[in-house]
Every structure is written in C-alpha cells, then in structure tokens.
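Working notes for the structure below.
The values are calculated or read from the model by the stated rules, or taken from the named source; none is laboratory data. Every value quoted in this text rests on a predicted model; they were computed, and no experiment measured them. Methodologically, a virtual Cβ is constructed for each residue, glycine included, from the backbone with ideal geometry; neighbour enumeration extends over all protein chains shown.
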Amino acid sequence: MFRRTIHVVFISLLLSAIVQAQDKLYPSVFPLGDVILLDGPFKQARDLNIEVLLKYDVDRLLAPYRKEAGLPKKAECYPNWDGLDGHIGGHYLSAMAMNYAATGNAECRELMEYMLSELKQCQEANAMNHSEWGIGYVGGFPNSEKLWSAFKKGDFSIYFSSWAPFYNLHKMYAGLRDAWLYCDDEDAKALFLKFCDWGISVTAALTDEQMQEMLNMEHGGMNEIFADAYQITGDEKYLTAAKRYSHRAFLDPLAEGIDNLDNKHANTQIPKFVGFQRIAELDNDDKYDKAACFFWETVTANRSLAFGGNSRREHFPSVASCIDFVHVNDGPESCNSYNMLKLTENMCRPHPAARYLDYYERTLFNHILSIQHPGHGGYVYFTPARPRHYRVYSAPNEAMWCCVGTGMENHGKYNPFIYTHSNDSLFLNLFIASELDWKAKGIKIKQETHFPYEEQTKLTVTEGSSRFTLLARYPGWVSKDALKITVNGKKVSYSSLPSSYVRIERKWKKGDVVKMTLPMRNTVEHMPNVPEYIAFMHGPILLGAKTGTEDLQGLIAGDGRWGQYAGGEYLPVDQAPILIEDDIQNVGSKLVPIENKPLNFKLNVTMINPMELTLEPFFQIHDARYMMYWLALTNDGYQTYLDSLANLEKERLALEKRTIDYVATGEQQPETDHAMQKENSYSGNQFNEFWRDARDGGYFSYDMATNFETNLSLFARYWGAEWGGRKFDILIDDKKLVTADNTGVWNLSKFKDVMYC
C-alpha cells in the first residue's frame, strides 16, 4: 500500500519555479503559489489539513479505479459510502495539486504524481478491456461495465438505480483538471481530455430529450468540465458538450427570473449553475449568464443563513418550511458552500462587484473555516441551526462523505481570492495576512492583519515599483463614511459607499504603506422567512454561544452510513433561551464586550430560560452544543407566544376528552396492550417521539376499543418531512377505510395530524 510517514515540509522558495496553468482558465486570478499565507487562522487551517490529508491511504482511494479497470488489487476499497466508490479520489487529487502549488510540499507532489501514474494505467486498461464503451474512461463507479455499456445504448435502467454516476465521475474530472491547472502536469491534461472525449462518446447516440432525462439524476458540474476543456483546447466539440450537459429544467426558468428551487436538492443544483456561468463567460451567452446571476441572487438573499450556508435536509426549503432550520439536525451542508464560493469566484470575473465579496467573506469565515476541527482536523457535513444542537466530525480513513471530499479541498485554496487583478488594477478583496508576488508588475506586497480580532489591515510594497490602481474593498458591514484609508500616513478621500471599492491610482514603489481601519459593529440578522429567530453578527463574523457538552453522541464519526448526523438528544427548542426585547432590531447594542477577549461578548438582555453564556465567533465553537439563532420576542410577542402554548394545551385536552382509545406507536407497552401484529415493520425515536412504519409490503395492526360507538374518527400523526414513497392502505376490521398517500405532501419538519372519518 502507498502510505507515507507524515512529515509536512513547506518549501516556499520552490514556488517561483512551479509553472502553473491557472491563468489559462482564470486570467484574473493569481496563481496559488504567488499568494503566500502568513500566520493566522487560514494558514493554521491549511497546514493542519495537509497533515490530515497525508494520513489517508492512497492505494485504498485508488482501489475502485483499479477494480473497474480490471487491474490486480493493491488494497481494499473503503467501505463507507460504498455505492459512491471513487468520489473521494478525485477530491484528493485536487487537494494534492492545490497544496503543492500553494506550499511546495514535496509529499503532496509525490502523491499527486503517483495517483496520475495509477490512473493512467486504469485509463489504458479500460481502453483495452472495455473497448466498446471504456476508451478514455477513468472511473471507480461500481458496476461500471454493465452501467455504461447499457447507458451508451440509451438504456438508463441501471443508471437510474445507481447512486449518481456522473456526480461521482465529476470529482475525478475535476481532479485531473486541477493537477494540470495548478501544477501544469501534462499527463493530467492528457488524461483529462481523453476522459472528456469519453464523456462525449458515451452520450453521442442519445437524443437531446434523452440527455435531459439523464440529467434529472444528480450529475455534479459536468457542464463546467466541458466548458473548461473548451477553454483549454479551443475545440468547439467541448462547448457543444457543455451545453448538452446543461439541465434545461433549471436553465430555462431561472434565466427568466423564475425560482423553481423549492424542495430541490441543493448541492445537485449549485454545480449546474457553476457550469452555466462558465458557458456564459466563454460563449457570451446571455441566457446562461442570466440564469447564473439570478440563481446566485435568490440563494444568497432568500435561502442562506447568517453564516452563508444553505439547505436543510440537503434541500432548499420553501418559504413555509424555513422553520425547519430551527428543528432539524441536518442543517446547511458543507458541500453547498464549497460550490457557492466557486460560483461566487466565477461571477466576479465578468461582474466585478464588492457585494460578491461580502457574501464570500461571510461564508469563508463562518462556514468554511468552522467546518474543520482545529485539533484533529476532521470535516463537518451538517451545521444545524437548531438551538442547543451540535456537529459531528469525520476521521481519516473512516468517513467518506461528500463533505469529506470538498473539505479536503477547502483549506488548500484560501490564497487566490485574497487579491485579483484586471489589466492595470489590483483588487484587495479579503483581509487575510499574506504576501503577493505580482510578477507581471514586478511588485511584491505584504498584508499584515489580525482581522477579525482587530479592525485594521496594513499593506506594504516590499519590492518593485509600478503604476496601477489599487481597488481596496469597502465592506458592506462598515458604516457609510466609517472606512479610513491612508497612504504613507496621508488620508485618502473617497466617495465610495459600503459594498464597493475605493480606487487609489498612483505609481507605487517599495516602502509605500496603505493602512485601512475597518470599524465593526454589532447587528442582528433574521432567519429567512422566520423573522422571530435572530443571529448576532459582529461585522461579518457570526457570533454563537456554547451551551453544554451533554450527549454529544457520535462526535467523531466512524464508517457507518449515517455517521454524519448528530444523533444525540434533541433538547427541546422551547426550553432554549428566549430573548425578550421590544427593540429587537437594535438588540445588538446590548452586547457587552469582555475585556481582553476580542470578539467575546456578554448578552445584557432579558432572557426566558436564562443561561450564563458567552458570545464568541461561531468558527471557534467545537465539541459543544451551541446557540446560533435565538428566538427573540417583544413583550407583547412573548404574551402571544404564551397564549399560543395555552391554546395548544387546550386543544390537546379537548382531544383527550374525545378520545376513546389511543396507541403510542413504537412504544413497547402500549403496543403490547393493543395486541400489535406486524410484518416488515420497524420502530424508533426521532425528535423525542416514537414512531413505527412498515416496508416492503409489510404492515402493522392494533386492536383498539370503540366502546360500541359507531360514529368514530381515526386520528393519525405523521412526520411531515418523510423521504421516498409513502402510499399505504388503512383498514378497519379488514375493510379498507382509505388509501393514503403522504408522498411529498407537506415537506415540513413538523408533525402533521390527519383525521379520517
């Protein structure tokens, strides 16, 4: 097995020798090696991530590829998420390329080259062993031979019964592209383009209608891949393929400004729009551009939480179901933010605007930085907004979730968006300690900052001289006229507004110093469509509070299929702290700074269910239950809240008075008391309620009293967010009362009561 002793080596002096192809795809972005991270939270995260990456067994990551190519086994496949075999390998290849390009780490380069040599063998073996469908193929997807030989002929039966084949393959497409993009590896480029040719040939016989049918299955950013191949080669066949792989069920309506995203799987959709944007950028296609722009606007404005993440239960909620954020343990998925940041980076090239950076910065600090454990480096899948819940973390060589794959990449590419450039302009986008080598201008710039723990940053020209325009970002979270900028001690006058750039045009020379003062203030943000829940922000930083460490079940996940869920006890939402304040919009002024603890605050506000809590940056909270969103009510609103609880109790008592018999489904004694019979039936506990279901033609039944009454109704309680088909018959004394179908009826994470007469 190819395993390495862990000794992380950073060879900064070699970076200038690394030739990158990055500017061939993204000409406004500096190569990774030209922006060096300095000490701070992002460098710490990057360095820790490399240590974690080097713990993975590369031969096990490659095992699915060798298996499907018919090559001798070198190692066992990882068992976790085994229906998606191979997807982590592509992410890992990307991570190795990024980290070598960013740091010069020799082991990353060695592992990348080893993977490429193995994948080249797999591609050659596929061409030899599967010549009817496998020329150019580099995939580890299970049952590849049967799947793709049928698929190529238009038979989608195996395809639609599999777990997202093109989503899986997209990860290796991206890995091969990135090995060329960041390290200029010609073998990677050749493998990538042959694989792209396979993607064209395997769909060549499909009609446009069949392509659109196939795209109903999650397929990652396949259109982005072919757009990149088009830019690399200039060959129109790849642009045609990019459009063939574009899902019109979302392209067409969103290009018209129609949001059809309710209850759609979020991370299925986001990569499609990354691809739409790339096509628009390369083909000047207004329709694709409008779709990407509208998607970004509606997701960031209407569907994202205060830390930048989106989705609950992996799906975009409707307006009515946004309350789910308060109740579920599977809050925003990390992969979504990974892809939203990619889309945001791409949007900035044709549409440079600081508001994109406001979102980018918020998501980078509050979500991406927070989903890496600062001790062992594990990755997070879900970030619940449920009050007093918690998150779980992966362990190397155990959990193989999708968010492990994107997590591998996240911390290796902090560099390139700190600064961007266009012609004779340099954009300062992010306040992260770093050094820039702008080779085209012969200029080196050092940014020194402890942001967000201090409200300033300093840029020093350390080498060279050149005339250019510095566009310094004026963040949206800084008040009007509050930004202060000096150059060599002299104040810079500006007319720019928050969420824009301040232009400073001059000839810059060694020793020039730019200082920016960035006053942060406390604000509140309301949960989308649930305005009674608020989050506290200090500047762009989300503040959270640790509430305890009880029952952190599965805190470090093993290799179980569902280990990504924080399965510990659901503490009652109505027993979490409730804030009482008549001036809710200005409740941020009630945060009291803690002396000598930057970004730490006490909350000086009336509280129901009070707890002694300290607010701190959410990205620092780990291994604990937490508050992210708070129920905040006015005094009148609190009385209304109490009245609603009283009404619920009144309704409960009235129902009890009418009830002749009652079964607590899933509870042992009540089911025994009612002579339960069952077949293929299962029970459990979720949200502090017991449940029972039947599957695969099964049933369950109870003997219930009627007291000789005949004018009775049957009352049943269902969970409103069931997945999959939920169609079934209800029988009374073996006579069918009703055929019920709850499939997709509610899409709400709350219990729903139904009365059958």
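Being modelled with pLDDT of 90 or more and surrounded by 12 or more Cβ atoms within 10 Å (Cβ to Cβ) is a property that residue 666 lacks. When restricted to residues that are without any contact (Cβ under 8 Å) to a residue 24 or more places away in the chain and among the hydrophobic types (A, V, I, L, M, F, W, C), region 550-597 contains 3.
Among the residues of region 38-66, those that are of a type in the set (A, V, I, L, M, F, W, C), closer than 16 Å to residue 107 by Cα and touching a helix residue (DSSP H, G or I) at 6+ places or on another chain (Cβ under 9 Å) comprise 50, 52, 53, 54, 58. Within the bounds of region 270-287, is there any residue that is polar (S, T, N, Q), out of contact with any Cys (no Cβ under 6 Å at 6 or more places or on another chain), buried (at least 22 other Cβ atoms within 10 Å of the Cβ) and within 27 Å of residue 554 (Cβ to Cβ)? No. Checked against the criterion of being out of contact with any Ser or Thr (no Cβ under 7 Å at 6 or more places or on another chain), closer than 17 Å to residue 343 by Cβ and among the hydrophobic types (A, V, I, L, M, F, W, C), the candidates 249, 242, 229, 266 yield just one match: 242. Screening residue 136 against (1) under 23 Å from residue 224 (Cβ atoms); (2) assigned to a helix (DSSP H, G or I) leaves a single unmet condition, (2). Among the residues here, residue 528 qualifies as buried (at least 18 other Cβ atoms within 10 Å of the Cβ) and in the same structural domain as residue 589 (by TED's automatic domain parsing).
What is the residue count in region 345-361 for residues that are assigned to a loop (DSSP other than H, G, I, E, B) and touching a Pro at 6+ places or on another chain (Cβ under 9 Å)?
Filtering region 345-361 down to residues assigned to a loop (DSSP other than H, G, I, E, B) leaves 349-353.
In the following step, the residues that additionally are touching a Pro at 6+ places or on another chain (Cβ under 9 Å) were identified as 349.
Final tally of qualifying residues: 1.
Look at residue 361 and say whether it is buried (at least 24 other Cβ atoms within 10 Å of the Cβ), out of contact with any helix residue (DSSP H, G or I) (no Cβ under 7 Å at 6 or more places or on another chain), within 30 Å of residue 458 (Cβ to Cβ) and not hydroxyl-bearing (Ser, Thr, Tyr). Against the criterion (buried (at least 24 other Cβ atoms within 10 Å of the Cβ), out of contact with any helix residue (DSSP H, G or I) (no Cβ under 7 Å at 6 or more places or on another chain), within 30 Å of residue 458 (Cβ to Cβ) and not hydroxyl-bearing (Ser, Thr, Tyr)), residue 361 qualifies.
Every condition in (1) out of contact with any Asp or Glu (no Cβ under 6 Å at 6 or more places or on another chain); (2) modelled with pLDDT of 95 or more; (3) closer than 24 Å to residue 335 by Cα is met by residue 398 except one, and the failing one is (1).
In region 215-236, is there at least one residue being more than 15 Å from residue 274 (Cβ to Cβ) and in contact with a Pro (Cβ under 8 Å, 6 or more places away or on another chain)? Checked against the condition, which is being more than 15 Å from residue 274 (Cβ to Cβ) and in contact with a Pro (Cβ under 8 Å, 6 or more places away or on another chain), region 215-236 yields at least one hit.
Selection of region 401-423 for residues being charged (D, E, K, R) and at pLDDT 95 or above yields only 409.
Could you list, in sequence order, all residues of region 616-629 that are surrounded by fewer than 23 Cβ atoms within 10 Å (Cβ to Cβ) and of a type in the set (A, V, I, L, M, F, W, C)? Break it down stepwise before answering.
So in region 616-629, the residues surrounded by fewer than 23 Cβ atoms within 10 Å (Cβ to Cβ) come out as 616-617, 620-624.
Answer for region 616-629, where residues must be surrounded by fewer than 23 Cβ atoms within 10 Å (Cβ to Cβ) and of a type in the set (A, V, I, L, M, F, W, C): 621, 624.
Counting only helices (runs of 4 or more DSSP H) that sit completely within region 226-333, those holding 1 or more residues that are modelled with pLDDT of 95 or more and touching a strand residue (DSSP E or B) at 6+ places or on another chain (Cβ under 8 Å) correspond to 266-283, 286-302, 324-327. Search region 147-164 for residues being in contact with a helix residue (DSSP H, G or I) (Cβ under 6 Å, 6 or more places away or on another chain) and not in a loop (DSSP other than H, G, I, E, B), and hand back the single one that is surrounded by the most Cβ atoms within 10 Å (Cβ to Cβ). Among those residues, the one meeting the criterion is 151. Residues in region 689-719 that are of a type in the set (Gly, Ala, Ser) and in contact (Cβ under 8 Å) with a residue 24 or more places away in the chain were compared, and the one that is farthest from residue 742 (Cα to Cα) is 705. Please enumerate the residues belonging to region 84-133 that are part of a helix (DSSP H, G or I) and at pLDDT below 95. Correct list: 84 only. Search region 244-265 for residues being more than 15 Å from residue 290 (Cβ to Cβ) and among the hydrophobic types (A, V, I, L, M, F, W, C), and hand back the single one that is surrounded by the fewest Cβ atoms within 10 Å (Cβ to Cβ). Top of the filtered list is 249.
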